[in-house]
């Protein structure tokens, strides 16, 4: 498994990596102190397209969330282990290789098997007609290519809120 | 008063000048296509306009050949492949029946990563994005009934490239074709895997040793083979700027040259068979400046720094693909216009071959119809626009020349940084840049800057953050059936039952032994191993036992 990088602490220690301020008028993108969500982001399987996931990592970080970026070549086991260890509020997967119908449900099943209720958010290239299939399989939200930063951050917040509501 | 019939400035080269005579001589020696070189209205046009150095002359800013597309249009090389080896074989035969001579092979994700179809990692990926190759048997099916001495084959694979090349040689030799007669290209550009595409297996240094072994092997035994296609395409797709794509790609090229020279190969013996692969994105003039700068930089560095004297060693010949990342899922038909503009930039930039993306690729692998429109798009550029009549038609335009210089200036700054990182060695500088996260950090910063600009509306993407009215629905998309995976698994099981396991074991031990001996070329033992029907993953693991694996530091 790859070295886990803590996006926030990395920024604090490394210093120079500054990606600018979130637009002030955008509520979803404005950092909030009360609910500091912890999100595990990973590429599941062999697919190496990590551009989108890295952008999402920075979007969520700028929106005030703590991002635990696992990076490439993760398994359902390694992601569940990280989510458990980090007490994650959500798991974000990025998929570009047409493997989503196999891999995303496997992720949801692995989370459930571990006795967790962490919502799984999927982004990347998922054809419109597959979205319902993934939702039926228990994926919390599917974000398509071209989703804005606001939509990404809000989708994660909504997924966490929905999971908490159904758990309580 | 000026005479209105006498232009103030002659745009045509002075026919009496020594430079133009020299150019004409080279131009006239070239064989030309049998088409009229005139405008649509019948006005004859010259092969080149503006100032020397002309196309085909050092430093080749204006093109690698004097006559450019008047002799031969760029090769319309469309990259494709999915399903089983038999499916792709049928497509290859159709291409050959239609007069094509170039085959281009896409492999599925497990093959690209050196995994067999029955690996747990391969679940859901077998045959999805390319053809699955587990053993020599799959390669035999892939090229069954095709005379490999009469085709040129491009294989897009990197981490396990040595094994795939060995399988190709083995298939040819089983069919009585000598390896010396094989023509083609294998991508085999491992540096950009650590920087962008992320399909690496071993750590950088052993991986580069495999690349140099392949350069040595092909230089000695496969004179028609291009052992590395140095690729900026993936660097750009991962989010770099145009100048970063240019700089990182050429730096990687210099690094391979240094590695091969250090392994004892004379620069002029192999540099002429290195080729490049660039992206063509939507900023029209920036792309054209990038292509022109690439030729000039490569020629200068090969000549001045690496002492190449053979002209072919100085030529930056490249393939271009339009920018997949520019395609939008929203209003996907708009992508046809994007691809046309990017293809035009490639042609005006002097590319040797071109792949045009299909408009539906932001949604899934292309449908046949979308792939046909993509091919037609570049045929329109080639045959209807007149851009193929004149070499470097934009050369001499102030903006284009400035942009070319600017691309070169930015690239030189990167080379200086890498040279310093590597204490006077670009090769060591590239290793250092991989290890310290320089490349991935630069690329991620550029990607995020772009996304923010789009998100804040400072950069308009039509149909995404502006002009969003209109059909957002999807049309047909290509589906790969799950049967492919089952068939491939069955085939792998059968091959493993048929083979001589003792012979496989001995061959794999020989691969591991060769890996442990840095001066031994890995290609001969890998060839032996593929002949025993050892699987791709078994051979990968035989080297991994010695080389270890690479896990990148997760940097965002």
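The values are calculated or read from the model by the stated rules, or taken from the named source; none is laboratory data. A quick note: this is a predicted structure, and the numbers were derived from the prediction, not measured. Note that we place each Cβ from the backbone using ideal geometry, even for glycine, and neighbour counts take in every protein chain shown.
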Within the stretch A:105-115, is there a residue that is without any contact (Cβ under 8 Å) to a residue 40 or more places away in the chain, in a loop (DSSP other than H, G, I, E, B) and farther than 25 Å from residue B:364 by Cα? yes
Residues of the stretch B:82-121 satisfying the condition of being free of Cβ contacts under 8 Å to residues at least 40 places away in the same chain and either within 14 Å of chain A (Cβ to nearest Cβ) or in a strand (DSSP E or B) (or both): B:108, B:109, B:110, B:120, B:121
Just wondering, is there one or more residues in the stretch B:471-485 that are buried (at least 19 other Cβ atoms within 10 Å of the Cβ) and touching a strand residue (DSSP E or B) at 6+ places or on another chain (Cβ under 9 Å)? yes
Matching residues, the stretch B:311-324, being within 17 Å of residue B:246 (Cα to Cα) and either within 14 Å of chain A (Cβ to nearest Cβ) or within 14 Å of the chain's Cα centre (by Cα) (or both): B:316, B:317, B:318, B:319, B:320, B:321, B:322, B:323
When you scan the stretch A:93-116, how many residues do you find that are more than 10 Å from chain B (Cβ to nearest Cβ), in contact with a strand residue (DSSP E or B) (Cβ under 7 Å, 6 or more places away or on another chain) and within 16 Å of residue B:120 (Cα to Cα)? 1
Here the residues within the stretch B:533-556 that are part of a loop (DSSP other than H, G, I, E, B), away from chain A (no Cβ under 14 Å) and surrounded by fewer than 20 Cβ atoms within 10 Å (Cβ to Cβ) are B:548
Of the conditions (1) more than 14 Å from every other protein chain (Cβ to nearest Cβ); (2) over 30 Å from residue B:365 (Cα atoms); (3) in contact with a helix residue (DSSP H, G or I) (Cβ under 8 Å, 6 or more places away or on another chain), the single one that residue B:409 does not satisfy is (3)
Confirm whether residue B:36 is part of a loop (DSSP other than H, G, I, E, B) and touching a strand residue (DSSP E or B) at 6+ places or on another chain (Cβ under 9 Å). yes
Has the stretch A:34-46 got at least one residue that is more than 10 Å from chain B (Cβ to nearest Cβ), farther than 18 Å from residue B:554 by Cα and over 15 Å from the mean Cα position of the chain (by Cα)? yes
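Residues are listed down the side, and each one gets a yes or a no for (1) out of contact with any helix residue (DSSP H, G or I) (no Cβ under 6 Å at 6 or more places or on another chain); (2) assigned to a loop (DSSP other than H, G, I, E, B):
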position	(1), (2)
B:427	no, no
B:441	yes, no
B:446	yes, no
B:494	yes, no
B:504	yes, no
B:515	no, no
B:519	yes, yes
B:527	no, no
Considering only the stretch B:452-483, state which residues are closer than 28 Å to residue B:367 by Cα, within 30 Å of the chain's Cα centre (by Cα), modelled with pLDDT of 90 or more and at the interface with chain A (Cβ under 10 Å from one of its Cβ atoms). B:461, B:463, B:464
Restricting to the stretch B:383-404, give me the number of residues that are assigned to a helix (DSSP H, G or I) and either more than 24 Å from the chain's Cα centre (by Cα) or over 15 Å from residue B:349 (Cα atoms) (or both). 8
(1) surrounded by 21 or more Cβ atoms within 10 Å (Cβ to Cβ); (2) within 16 Å of the chain's Cα centre (by Cα); (3) under 22 Å from residue A:98 (Cα atoms) all hold for residue B:351 apart from (3)
If residue B:188 passes every condition in (1) surrounded by fewer than 23 Cβ atoms within 10 Å (Cβ to Cβ); (2) assigned to a loop (DSSP other than H, G, I, E, B); (3) free of Cβ contacts under 8 Å to residues at least 60 places away in the same chain but one, which one does it miss? (1)
Just a yes or no: is a residue in the stretch B:74-81 part of a helix (DSSP H, G or I), under 22 Å from residue B:295 (Cα atoms) and either at pLDDT 90 or above or touching a strand residue (DSSP E or B) at 6+ places or on another chain (Cβ under 9 Å) (or both)? no
Filter the stretch B:122-142 down to the residues that are farther than 23 Å from residue B:504 by Cα and either assigned to a helix (DSSP H, G or I) or more than 14 Å from chain A (Cβ to nearest Cβ) (or both) and list them by number. B:131
Conditions (1) within 14 Å of chain A (Cβ to nearest Cβ); (2) farther than 30 Å from residue A:55 by Cα: number failed by residue B:330: (2)
Condition set surrounded by fewer than 18 Cβ atoms within 10 Å (Cβ to Cβ) and more than 13 Å from chain B (Cβ to nearest Cβ), scope the stretch A:117-134, selection farthest from residue A:90 (Cα to Cα): answer is A:132
Looking only at the stretch A:135-153, filter to residues that are away from chain B (no Cβ under 13 Å) and part of a helix (DSSP H, G or I); which one of those is farthest from residue A:79 (Cα to Cα)? A:136
Conditions (1) modelled with pLDDT under 95; (2) at negative phi; (3) surrounded by 21 or more Cβ atoms within 10 Å (Cβ to Cβ); (4) in contact with a helix residue (DSSP H, G or I) (Cβ under 8 Å, 6 or more places away or on another chain) -> residue A:19 fails only (3)
